[in-house]
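Note sheet for the following structure.
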């Protein structure tokens, strides 16, 4: 007995799959944008900033280096997958090395962000 339209297990038409694919692609792009913008929020919060302040500061710190961060995330992800292929034991080493790379990028971005003068609003006359 055939399933009614819209029932669980019913297959999508090619146009339906195209819409799903476009939706997944848009979602992936949005996730990458948010991930690059707030890449340093956790270490900043660990350094003592409040949650919202850490997200704001992370957005400021990553302003000029988001492409570099994106490329490093790709390299780290591939590196971790290679460790996963190494009988799963290698992921402990590659994951730790990946975290060290991200900490290194964070520590390099920190002095540059501190050197930027904070914008203060002009007093109204």
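Return the residues of segment 77-90 that are within 23 Å of residue 28 (Cβ to Cβ) and either buried (at least 16 other Cβ atoms within 10 Å of the Cβ) or in contact with a strand residue (DSSP E or B) (Cβ under 7 Å, 6 or more places away or on another chain) (or both); say none if nothing qualifies. Passing the criteria: 79, 80. Among the residues of segment 61-76, the ones that are exposed (fewer than 13 other Cβ atoms within 10 Å of the Cβ) and assigned to a helix (DSSP H, G or I) come to 4 in all. If you check residue 52 against the conditions, is it under 24 Å from residue 95 (Cβ atoms) and free of Cβ contacts under 8 Å to residues at least 40 places away in the same chain? Against the criterion (under 24 Å from residue 95 (Cβ atoms) and free of Cβ contacts under 8 Å to residues at least 40 places away in the same chain), residue 52 does not qualify. Of the listed requirements (1) loosely packed, with under 13 Cβ neighbours inside 10 Å; (2) outside any loop (DSSP other than H, G, I, E, B); (3) at pLDDT below 85, residue 11 misses just one: (2). No other residue among 56, 48 is at pLDDT 80 or above and exposed (fewer than 11 other Cβ atoms within 10 Å of the Cβ) apart from 48.
The values are calculated or read from the model by the stated rules, or taken from the named source; none is laboratory data. Worth saying up front: this structure is predicted, and the values here are computed from it rather than measured. Cβ coordinates were reconstructed from backbone atoms using ideal geometry, including for glycine residues, and neighbour counts include every protein chain displayed.
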